[in-house]
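Asks: One structure, pasted below without further comment.
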Amino acid sequence: MELKRLTATPVTLEWLKKLTQFHGPLLFYQSGGCCEGSAPLCLPQGDYRIGDSDVFLGMIGETPFYMSESQFEYWKHTQLIIDVIEGGGNAFSVESPEGISFHTRSHVFTQEQMVKLALQAPPLRGKQH
């Protein structure tokens with residue numbers, strides 16, 4: 001079974017369905033800490049341009065998830081778990097007016113899991129959806 005670098009809670013999946021109905025196709029971009037701390041930004045797909053060096057970590061439901069190459073180097077030893085918390089903190093993110101925020105939790109991979117990851121295909125760069 002493939003080890004995933006990215007997962008989401010059921011409440012995250014529910015909110016993504018609601019937000020997609022209102023905003024259309026979305027994408028996540030893991031912030032690097034400038035304006036929004038380390039919160040993942042959830043944006044309409046046309047509002048953010050994915051660069052060739054951005055890393056595609058996978059899909060959360062129908063929503064692609066990306067981060068910069070430098071962020072990936074920092075997070076590559078962890079599984080990201082996207083969750084929802086109360087409080088609208090991400091001014092640029094579509095969920096903020098709903099009174100919630102997407103939040104990145106993490107699980108540090110074990111040595112055994114890191115070996116399994118090394119045997120899998122590496123994460124893709126650039127736009128993948």
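Asks: Would you call Glu95 of a type outside the set (A, V, I, L, M, F, W, C) and touching a residue at least 40 places away in the same chain (Cβ under 8 Å)?
Replies: yes
Asks: Could you check how many residues of region 12-26 are farther than 25 Å from Phe72 by Cα and loosely packed, with under 15 Cβ neighbours inside 10 Å?
Replies: 6
Asks: While we're here: Closer than 18 Å to Thr9 by Cα and among the aromatic types (Phe, Trp, Tyr): which single residue out of Phe92, Phe65, Phe56, Phe72 fits that description?
Replies: Phe65
Asks: Restricting to region 108-129, what's the tally of residues that are closer than 21 Å to Pro64 by Cβ and modelled with pLDDT of 85 or more?
Replies: Here is the first cut: in region 108-129, the ones closer than 21 Å to Pro64 by Cβ are 117, 120-129.
Filter again for modelled with pLDDT of 85 or more, leaving 117, 120.
Qualifying residue count for the region: 2.
The values are calculated or read from the model by the stated rules, or taken from the named source; none is laboratory data. What you are looking at is a predicted structure, and each value in this text was computed from that prediction instead of being measured. As a convention, Cβ positions derive from the backbone with ideal geometry for all residues, glycine included, and neighbour counts pool all protein chains shown.
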